[in-house]
Amino acid sequence: MRNPVFPLFLMLLPVAVAAQVARSGEVTFLTSQHVYVKFISTEGIAVNDTLDLLKNGVATPCLLVSSMSSTSCVCTVIGDCRPEKQDRIQAGKLRTAAASKGPAERSKAARSAGAGRDSLGTSRERIRGRISAASYSNMPSARENDHRVMYRLSLTAANIANSKFSAETYVNYRKLYPADLEWRPQRTELLSVYNLALSYAPDSNTTIMLGRKINNSASSLGAIDGLQAERRFGGLFGGVIAGFRPDIYTYGLNTDLLQYGGYLGAQVNSRSIISRSTVGLMQQTNNGLVDRRYAYLQHSSTFKGNLNLFSTAELDLYSTQGGARLTNLFVSGRYRFGRKVDFFASYDSRRRVVFFETFRNEVEMLLDDDLARQGLRFRLNVRPTKALGLGGTYSRRFQADGANASDNFSLSVNLNRDPAGAGRWSVQANRNISNYLSSDALSFRHARSLVADRLTMSLYYRVLEYRYTSRPEGSLLAAQVSQRYYGADLTLTFAKTFTFMILGELSTILQERNYRLNLSLSKRFDSRSKR
């Protein structure tokens, strides 16, 4: 099969960047819900301001300020941004044309700009997003080549035409070029719509959403196709949901899977405590019959920026045998012991969700095999210096009957901010032990800038050792297998908003030599940069 030739088609937008006075900060701490940014001073920054992530000389809208002190901001992540500790963050202040205004005028203008409103109090339009095209090619020595291309679009349009309407979408299109299409027929074109919604905010306390969207107040519900509305009453809020579940096989719209429900919640936002709790009821149907009825709980809280707690639970209330059934429980906590040490722990217990109409012929079997899959995880991060980071993780997975248990251990060493310009280095080691297999992995990565703010390179090497404990002596399959990976990638940033990446990899296992080649081109855009 010949390698496919595909177009890297991107919509180009002219960008005219106005001069701005900017303030730089640093990410000091992350939780599952919030990102903490340290500044010398937060003067001129206001709640609801958008902060930019600075990487490779490119400023990308990344964080939304939810609360702040005189030297730090508590933020939430927007879009598909992935900030990390010690990332540089930029807070855009006022344009130089406004520099002659007095302190009170500048502060008022900054708050209006951060809130997305002009001096008259009207909402301002802002459109931002990312579009990309990529190809992934696998060329194994023992099999035929396999290729696929992927196009992604992530877009958020706030206050369209300065109105109270906003829209957002995240779409993924894949085209497959499998090696054995005639022997193994399959779909070769897949369009996945993960998010496509229009929202209307008649006032600052009310939001109405239509389309496919995950509700932040009940993220465990997953995507919802339909109508959602939420109203805030000071520290309290409530919402209703009416729509459909995505099809469990195609993830498309399925109007047979009607669901509806509501929720109530409370939130606290102060200098010492930030918390949000939600409790709700949902009923899911299939062709008009009850498929699942359950209650859910979600809670997140941060205390003085050091302790973060997150929990979610689902309690099934509908059963042909009567009684409630705890389907899902997840609890996590993270505590920061100063700037150099933080500790994370989590516990989860999950049972397979039973949809009584969807799995009508399998319900009794599923309930008889109603084992909880449970897990524990602990992680410790230590940063003795600004340049050196150490980490260790232990996790355990097991069932209620003790079967299918596995233990996983990992250690990492990261060296950053090398003043001699020797780049960044990282070493990771991992061991996994289960009932039938044990494995060891050791990986090395080196990354450095070849051209400042333009071209970066990384090299990596990874070795894996597998030992199958269940294979008898004399088996045709080897009881121990070694695998090696050798890879390199280059990332080029040009025209400020374009990023091109190429990755090449060789992997060896037994007598096989397999090659992988990935290419990607992406563009970020933000209408605010034009003003």
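Each value in this text was obtained by applying a stated rule to the coordinates, not by laboratory testing. Not measured: the values here are computed from a predicted model. Cβ atoms come from the backbone with ideal geometry, glycine included; neighbour counts cover every protein chain shown.
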For the range 137-223, what ratio Rg/Rh do Cα atoms give with a Kirkwood hydrodynamic radius? 1.21
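Chymotrypsin sites (Phe, Trp or Tyr not before Pro), restricted to the range 197-261: which are DSSP loop and have at most 11 other Cβ atoms within 10 Å?
Tyr249
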Exposure proxy order (Cβ contacts within 10 Å, fewest to most) of Lys340, Lys85, Lys213, Lys386: Lys386, Lys340, Lys85, Lys213
Quick one: what are the phi-derived ³J(HN,Hα) couplings along the range 200-212, Karplus 6.51/-1.76/1.60 with θ = phi - 60°, whole Hz, x for glycine and proline? 9, 10, x, 8, 6, 10, 10, 9, 10, 10, 10, x, 9
From the phi of every residue in the range 129-139, what ³J(HN,Hα) in whole Hz does the Karplus formula 6.51 cos²θ - 1.76 cosθ + 1.60 yield, where θ is phi - 60° and glycine or proline is x? x, 8, 10, 8, 9, 8, 10, 10, 10, 10, 10
So the pair-distance distribution of the range 219-356, from every Cα-Cα distance in 5 Å bins, comes to percents of 2, 9, 16, 17, 17, 15, 11, 7, 4, 2, 0, 0
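Calculated FRET efficiency, Ser220 and Glu144, Cβ-Cβ r, R0 30 Å, to nearest 0.05? Please report the intermediate quantities before stating the final value.
Numbers: r = 41 Å, r/R0 = 1.37.
For Ser220 and Glu144, the calculated efficiency is 0.15.
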